[in-house]
Every structure is written in structure tokens, then in C-alpha cells.
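Peer 1: Encoded as C-alpha cells, here's the structure I'll be asking about.
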Amino acid sequence: MEAPISATLRDQTLHLLASGAASSRADLIEALQVAPSTVTTVVRRLLEEGVILEEGVGRSTGGRRPRILRLREADGFLAVAELGGRHARVGLCAPGGGLRATEEVAIDIAAGPGDVFDVVAATVTRLRSASAPGEPLLGVGVALPGPVEFPHGRLVGPARMPGWSGVDAGSDLSARFQVPVVVDNDAKAAAIGEYVTRSRVAADMIYVKAGTGIGACLVSGGQIYRGGRGLSGDVTHVPVAEGGERHCSCGSRGCLETVASGAALARELAEQGSSATTVAEIVTAVGDADPTAVTMVRHAGRLLGVALSGLVNFLNPDSVVIGGALSSLDVYVAATRGMLYERCLPSMTQSLTIEASIAGPDAALVGLGHLLRTTADVRLS
């Protein structure tokens, strides 16, 4: 069974230290909102493992000066990559946690796994030369924009990835890199990254990745819900009334993707004569207060809220987090939030938080790093 995402608060602690958000026990107590004894236990275990170091003292704000905590600079790195239709985000993770370097590169997912993995490998080599020269590669994690059988890393009928169905990406990457590999769906990897980034986490969280397509993931009690074959969360192909007879990439009609995704927005804006033909250009157009783009994005957010309302009523989560490229648009998140409050039972929204991701564009990379440290046979020391 997959381990809980944040067992003993280990990854939250490592993330806070790696990001510079905390450098002492007092900082960790404040950020994590847990008892001092809990932080003492976590820090002691990490010191015993050799993952962190305790050295020097910080400035006192009253009382004894705090001992400074930092990550140990261990040899080696983890390579992680999130693939999209046109771009890949590639990064290097420190063994104990924290991203050391990232780069976004152009890809064509339709070119197939061989060509795409060539680009990823070349990017890892480039990042390694700049940020980890001479250090060993310890593991590789890749997030894919389609249904993935976890932990096998096999793709199952990905709608937007021609030529990838049935591909055993895990085996392909293992043969290529000769290190432990983990392959997961992009929304699930991002949900894990979001969960371990937050110092205070909800017991039950629905994470939605809204970009070119729309993926989702349920985190319950620190555990990813994966379903029978690991294929849960494909909310992008839930039928919605407004979808009507619109053709979807999956071959069906009227899916949520056809009206609320970045791909749908790009198509509709093009029909209106707009030059915004990618999700990045849509984000720019909304930032420039283009009235047509703002109106369409707001409408798409409301339709996402309609689709999610059934999930909220059924699952009763503590939190709904919107990630992906469209989450940077306040109008999209606000429209989703408004529709959830309008469509859900009052008892379901009374203590529900609905907000944008705080992990941002690196959420999936952080999640992949966590998966490598907790589920793969990666030797970190």
C-alpha cells in the first residue's frame, strides 16, 4: 500500500527548511501549527537520519537564541519532469527535499515517447551540468497528462496523447536511465506536491488541475485515492449539459473539457477572432483585461464549479484547491468558488475552503520528488 503523503510531517518540515520558510524549531512550530513536542520528535529523527544539520545560532527575539537547522548537502539528485501537450517542466530535486533547478522546454507530446523522453533526458543533462556536476542520478520521476496505472507506469487510453496508449513508460524510463523510476498522472503528482507544500493541510482535499485539460485527485486522510486500476480523477470527461454535442478529444461528446478547459477557451477565443491560442496567451489576455477573454474565462470557471458541486456534495471535503495554469487567474477561481457555494448544500460549504494552489507550477515536480523518496527504492545516502 502507498504510504500516507505526510507521515510524521516529515516532508512538510523538509519543504519548509528547503524553501527558507523556516530555519529553527520555533519557525517550524509556528508554520506547522503543531505542538513543540511534535516538532522536537520530527527534528530529532531527521537529525538521526542525517538528512538535516543543526549548526550555529540565530537571532533571539526574547529568550534563548535558536539553533539553526538546514538540509544536509548530500551527493546525488532526483530528476523530475511534468509533461504537457506542448511543454515539459523539468527539475532537479535534492535527495532530502526541495527543488534545486527547473527549466521549461518545448515538446510535442504527439511525437511519441521516444522523442519526448529524448528531450527530457537532454534537459536533465543540461541542468545536471549547471547545478549538480559530477553528482549521481538517484531516481527519475515523470508526470504524464493522461490516465496512468500506478505504480506500473502504464498509460491507459490517454485522449490527448496519440501513440502513447499502452506504453509502459516506467519500464522505458528505467531502461533509459538505469535508476529507480516512478511515473504518475500529472494531477495526482500535483496534488501530492500541494499537500506536502502546505504547512496546514486539510484532512480531505479535492485537487483540480485546470490547464489544457482538467484533471482531479482526492486526498483523504493523507492518502491518494487511486481507484481500482489507479485511474481515478479523470473529471475532464464528465458529461455536462452545456457541453451539448461538442466533440471531445476522448471521442465522446459534451465532456467538461469541451467547455471549461484551456483547450476549450482557446478554441472559443479563436472563433471570436482572438490571437490568444494557448493557455499562456489566455492568461496574458486576462491579465491585460481583454473583455472577451475575461468573460469566457469567468464562464468556464462557473462550469467547472457546476461539475465539482456533485463531487463536493458526495465527498464532503474540507478543501478544494485549484491548480494548473488557469489557477493563476483570480476570475476563474472566483467563478468556480461562487458556483460551488451556489450549487452545493449549505452543510457542505459551511467550513469548505476553495482556493488557488500555493505550490504553483512546480506542484507536480515536488510531488514526484516525494513519491521517489517514499515509494521507489531510491538510496538517499
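All of the numbers you see were taken from the coordinates with simple rules; none came from a lab. Keep in mind the model is a prediction, meaning the values are calculated, not measured. Please note: Cβ atoms are built from the backbone with ideal geometry, for glycine as well, and neighbour counts cover all protein chains shown.
Peer 1: Please report, in debye to the nearest 20, how large the charge dipole of the stretch 202-357 is about its Cα centre when each Lys and Arg carries +1 at its beta carbon and each Asp and Glu carries -1 there.
Peer 2: 400
Peer 1: Further question on the same structure: Assuming a ≥ b ≥ c are the square roots of the Cα gyration tensor eigenvalues, decide whether the stretch 230-373 counts as rounded (a/c under 1.5), prolate (otherwise, with a/b larger than b/c) or oblate.
Peer 2: Rounded, because the longest to shortest axis ratio a/c is under 1.5.
Peer 1: Give me the distance between the Cα centres of the stretch 135-157 and the stretch 177-241, rounded to whole Å.
Peer 2: 13
Peer 1: If the convex hull of the alpha-carbon atoms of the chain is projected onto planes in all directions, what is the mean projected area in square nanometres?
Peer 2: Result: a mean projected hull area of 20.0 nm².
Peer 1: Sticking with this structure for a sec: How many angstrom lie between the Cα centre of the stretch 316-381 and the Cα centre of the stretch 70-125?
Peer 2: The distance from the Cα centre of the stretch 316-381 to that of the stretch 70-125 comes to 22 Å.
Peer 1: A further question follows. Cα axis of helix 36-49 to longest principal axis of the chain: angle in degrees, 0 to 90, nearest 10?
Peer 2: That works out to roughly 80 degrees.
Peer 1: How do the peptides 312-319, 344-351 rank, highest first, by the average count of neighbouring beta carbon atoms within 10 Å per residue? The partial results should precede the final answer.
Peer 2: Working: 312-319: 16.4, 344-351: 13.1.
Top to bottom by mean Cβ count within 10 Å: 312-319, 344-351.
Peer 1: Also, I was wondering about something else. List the relative contact order of the stretch 182-319 as a percent without decimals, with contacts defined as Cα pairs under 8 Å and 6+ residues apart.
Peer 2: The normalised contact order for the stretch 182-319 reaches 20 percent.
Peer 1: By average Cβ neighbour count within 10 Å, what is the ranking of 16-28, 39-51 from highest down?
Peer 2: 16-28, 39-51
Peer 1: Here's another thing I want to ask about it. State to the nearest 20 debye the size of the charge dipole of the chain about its Cα centre, where the only charges are +1 on K and R beta carbons and -1 on D and E beta carbons. Working shown, then result.
Peer 2: Details: 33 positive and 39 negative charges, 190 e Å.
Computed charge dipole of the chain: roughly 920 debye.
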